[in-house]
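The values are calculated or read from the model by the stated rules, or taken from the named source; none is laboratory data. Predicted model, so just to flag it, every value in this text is computed and none were measured. Here the Cβ is made from the backbone with ideal geometry for all residues, glycine too, and neighbour counts use every protein chain on show. Just the protein is used for accessible areas: all its heavy atoms, side chains included, with ligands, DNA and RNA removed. Shrake-Rupley method; radii C 1.70, N 1.55, O 1.52, S 1.80 Å.
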Amino acid sequence: FTKSNWSFEFTWFEGVRFSDNNSLDATSKADTYNLSVSIDRPTFVNFLNSHRTFFFNTQWFFQWIDGYERGFVANGPFNMLATFTVATGYFQDRLLPSFTFVYDFSSQSGSGLAGVTYRMTQNFSATVGVAGFFGHYQTKTPPLYTIGIGNRVGRGAYQAFVENGLSPIRERDEFYRRIRYAF
């Protein structure tokens with residue numbers, strides 16, 4: 001009916017250790033429930049490529065942290081990350097452009113990944129691409145015991161700052177090129 005492929009995967013992890021700023025030993029255990037949903041749909045877009053389909057793929061990752069506490073450094077108790085990819089082929093699949101967008105809803109971080117591969121022969125190909133990332137700091141409850149002695153003053157004095165999701169790599173934008181020979 002939808003002309004698409006759907007797949008689901010569910011996992012449960014018992015007693016995962018989380019950093020907990022309200023705990024005396026700075027950690028707490030909680031169970032995590034994870035659900036992954038993937039949807040693929042090849043679709044003809046005739047005015048862009050009348051000879052090949054565009055491959056559309058989206059993946060959704062849902063997480064529930066059972067036992068989530070306010071002092072956890074990780075986001076929660078509900079987290080969600082999504083990806084969306086579009087790819088196609090031109091000139092008998094010698095020219096292969098693709099684009100992927102990733103977004104983490106809890107941390108409001110993500111990336112855009114674009115690339116073009118040209119296959120000279122069955123064994124030899126060249127790829128160029130760009131990867132751009134975005135994100136920001138988040139404020140969390142400060143730990144009960146700090147590592148260093150400090151005099152907290154000013155705005156945000158009684159907050160701790162963390163980078164969750166894709167935020168830690170937000171300044172790692174890159175342009176890449178790759179030449180591959182398979183034998």
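Annotations for the structure displayed:
- Entry comment: accessible area of the chain is 68 Å² per residue, from protein heavy atoms only and a probe of 1.4 Å.
- Available extension along the chain between residue 181 and residue 25 is 51.0 nm, counting 0.36 nm per residue and deducting the alpha carbon span.
- Note on the chain: with neighbouring protein chains present and a 1.4 Å probe, carbon and sulfur make up 59 percent of its accessible heavy-atom surface.
- Taking amide hydrogens as placed 1.01 Å from N in the peptide plane, the amide H of residue 173 sits under 5 Å from those of 133, each at least 5 positions away in sequence or on another chain.
- Calculated FRET efficiency for the pair residue 100/residue 17, C-beta based, R₀ 30 Å, to 0.05: 0.45
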